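The values are calculated or read from the model by the stated rules, or taken from the named source; none is laboratory data. What you see is a predicted model; the values in this text were computed from it and never measured. Heads up, the Cβs are rebuilt from the backbone with ideal geometry, glycines too, and the neighbour counts pull from every protein chain shown. For accessibility, only protein heavy atoms count, side chains too; no ligands or nucleic acids. Shrake-Rupley method; radii C 1.70, N 1.55, O 1.52, S 1.80 Å.
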Amino acid sequence: MKISPRHELLDVWRAVARESMRDGQWVWGGRAGRNCVHDAEQLLCIMAPAAALRTFALDRPDETVDDIADALRPLGDVIRIPRMLLEVAAEYLTTYTDEAGQPAFGGGSYFRALPEGAGESTEPTEEQRAVDTVGAYAVSVRLTLAVLGFTRVFRRSVNRQDVREQIARTEQLASLRLTAALVGLLRSFSVSVFPADSPHGRVLMDVVNQAKLPDRRIHALLQDRLVDIRAVLRDIWLGPYVDQLDNPNMLFECGWSWGVPMSAPPQADVDPLVGQPDGVAVDAPNLAATAVVLDALQELWSDRTRLLGLLYDDQQRLASALQLRWDITQRYWTRIACFGDRRWPLEDVPWRASDGIESDYLSLLVCSIVIQDLQRKPDAEAANRIAGVLAELAGRARLTRRAGPGEWMTLHHPGFPLPLAGSEDSGGPRLVWDLFDFAPQLLKQAVLVGGAGPDIALRLRVADLVDEVWGEHILRRRLRPGLWDQPAGVYDEFAYRAEEPFWSFTERVVSALISVAQLVAGPPLRSGGLAAAAADLLAEADHVYDQELFYGSTRPGPHLERHLTKIRATLDQAHERYEERPGTALVLAMAALRDLAQLDAARRHDTGWGD
């Protein structure tokens, strides 16, 4: 790939540091205003790379390299940088804690009102702006784990008592917010049960019936495909219609609603400071919310979380319950998306949700869920099929094709509007959650699918797609180096020229760049053909080397001895690299054979070796 993730991430850090630090103070906000989601995303632009990439770590000041220290110079020197991040994290956690000491997850300016017909939309009420959303829960999981991991390591480098006390206070606030987010996500889990002949059932049946089988046949196949998931849901779901899961005429969906459903009971054995407000969302899975949650929850059982011991006992219990729901939901949507032996429903773009809404954005979200399954169980054929879907989506969305004159790409700006059913029941207008991150989301999923399988041809194919999306679209939407979003950079018809950064879009780009960096940092794919050739060359080189020792002088001179030692070291290095880098082993074996051939030729022509 042509992307240099280290260079691009350092550009982001320089830009974020310059934009956020003014007169020695951290300045929140941006184009979308302040709320707990956007503020978290602003901080994650720095904290996420520091948590995910060892070379970007900021928790050991004495190990901070020069280019990182230079990028974050507005925050201070290498000693001041981690302390400033600690102060900013504490400020965020305090700001979004209410007067009762409970973490607050209200969407605030994250919401907008759904336009009423052709007229002007009304503004959301203050009560509506205070409604919790799974977007706030999910981003809080990511941010608090990043903060807790940072403080856990940074504490070891701190001797000052006041800084240690600040670390302890920040950890207490972060841990409480993490617990509250986990509880909110447990309460937001939803299962929708509906008859096969209902509007929802008909859509689901049509989506999976790519082979155009009779309804009775496709219904039986679908029931058989989901029988184990249905059984587990009966044990973990406490919804009002749980008994209907036993009815063979009923179909179902599982996942997360956009917020806490109206029927969600409070979780038992939870600290009162966590807070469990009444729900307002319709008790039905929301595909966008589900994809966001599935992505964020993976941080809970990552190696970093486990090795640093970031979760205490009650959080471990909550995380285990969420992991079971994560697994069931991920399996459900993967089986629906990949249903059948011929064309998958996922390949029938655009994806149509059971409520009748269809969009390329929904196709991309389903791709992200299936790719999570590929990361657990690599499958070259499945990875190639998903890569094909991503390439088609990139073309349809004009990421890799030129947009025609006057072609208004609303998928990118203002984005895909997702109505939040149930939000209007409190007396205000129905709220909308705008999904605008199609391009960086596609970039990230392409990188992930390229790293999910052992297919070298797939890796090259995906690399081309990644380079096109990055160079032809995302780079052109930069507000300035390291900051996004400027839609007018791509769409000439868009008259508005932004001045302030859009932290949500910038954070999505950062997340994609982290995926690129992790792929680059991993081992290269192992070629079977190169491995076979390397094995043959190593066998010959080892044999020729042994022959040289056998037939050569029993008392080699110092020059010949140094030459033999060098050849032996080259062969040892080739054997060490063989398993992970057969191409490198092949080149080293060829170098050893070349040196052995020169040695043999010198001895045969009596050029002085061994004197």
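Restricting to DSSP loop positions (anything but H, G, I, E, B) with no more than 15 other Cβ atoms inside 10 Å of their own Cβ, which GluC sites (Glu not before Pro) remain in the range 485-524?
Numbers: sites: Glu493, Glu499, Glu507; in loops: Glu493, Glu499.
Of the GluC sites (Glu not before Pro), the ones in loops of the range 485-524 whose Cβ has at most 15 other Cβ atoms within 10 Å are Glu493, Glu499.
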Inset, instruction - Amide H neighbours of Ser190 under 5 Å, at least 5 residues apart or on other chains, H built in the peptide plane: list them. - result: Gly255, Trp256, Ser257
Inset, instruction - Could you run the Karplus curve 6.51 cos²θ - 1.76 cosθ + 1.60 with θ = phi - 60° over the range 479-490 and give me ³J(HN,Hα) per residue in whole Hz, x for Gly and Pro? - result: 5, 6, x, x, 9, 10, 9, 10, x, 5, x, 10
Legend entry - Cα-based Rg of the range 57-145 normalised by 2.2 N^0.38 Å, two decimals: 1.57
Legend entry - Tilt relative to the chain, helix 313-337 - C-alpha long axis, 0 to 90 degrees, to 10: 90
Legend entry - Separation in nanometres of the label points that stand 7 Å from Cα toward Cβ, at Arg343 and Gln244: 3.2
Legend entry - Options (i) 34, 33, 23; (ii) 46, 27, 21; (iii) 48, 32, 25 - which one matches semi-axes √(5λ) of the Cα gyration tensor in Å as calculated here: (iii)
Inset, instruction - Convert each backbone phi in the range 557-568 into a coupling constant with the Karplus relation 6.51 cos²θ - 1.76 cosθ + 1.60 (shift: θ = phi - 60°), then list the ³J(HN,Hα) values in order as whole Hz, x for Gly and Pro. - result: x, x, 5, 5, 5, 5, 5, 5, 5, 5, 5, 4
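Under 1.5 on a/c is rounded, so check that first for the range 382-453, then, if it is not, pick prolate when a/b is larger than b/c and oblate when it is not; a ≥ b ≥ c are the square roots of the alpha carbon gyration tensor eigenvalues.
Working: a/c = 3.61, a/b = 1.63, b/c = 2.22.
Note, shape of the range 382-453 comes out oblate.
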Legend entry - Pairwise label distance in nanometres, Gln25 with Trp301, each label 7 Å out on the Cα-Cβ vector: 4.5
Inset, instruction - Give me the angle, in degrees from 0 to 90, between the Cα long axis of helix 134-154 and the longest principal axis of the Cα atoms of the chain, rounded to the nearest 10. - result: 40
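Provide the per residue accessible area, probe 1.4 Å, for the chain, rounded to a whole number of square angstrom. Don't skip to the end; give the middle numbers.
Numbers: 26920 Å² over 611 residues.
On a per-residue basis, 44 Å².
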Legend entry - Cut-off under 5 Å, modelled amide H: who pairs with Leu479 long-range: Trp484, Asp485, Gln486
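Compute the relative contact order of the chain as a whole-number percentage, counting only Cα pairs closer than 8 Å that sit 6 or more residues apart in sequence. Before the final figure, lay out each step's value.
Working: 907 pairs, mean separation 90.4, N = 611.
After rounding, I find 15 percent.
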Inset, instruction - Classify the range 188-270 as rounded, prolate or oblate from the Cα gyration tensor: take a ≥ b ≥ c as the square roots of its eigenvalues, call it rounded if a/c is under 1.5, otherwise prolate when a/b beats b/c and oblate if not. - result: prolate
Inset, instruction - Along Cα→Cβ, 7 Å out, is where each label goes; now give me the distance between the ones at Val232 and Ser320 in nm to one decimal. - result: 1.6
Inset, instruction - Would you mind checking the tilt of helix 503-521 against the longest principal axis of the Cα atoms of the chain, expressed as 0 to 90 degrees and rounded to 10? - result: 30
Legend entry - Amide proton proximity set for Trp433, modelled H, under 5 Å, gap of 5+: Leu418, Leu420
Legend entry - Phi-based couplings in Hz for the range 451-460 (Karplus 6.51, -1.76, 1.60; Gly and Pro marked x): x, 8, x, x, 8, 5, 4, 5, 4, 5
Inset, instruction - Give the shape of the range 440-517 as rounded, prolate or oblate, defined through the alpha-carbon gyration tensor: a ≥ b ≥ c are the square roots of its eigenvalues, a/c under 1.5 means rounded, and otherwise the shape is prolate if a/b is larger than b/c and oblate if not. - result: prolate
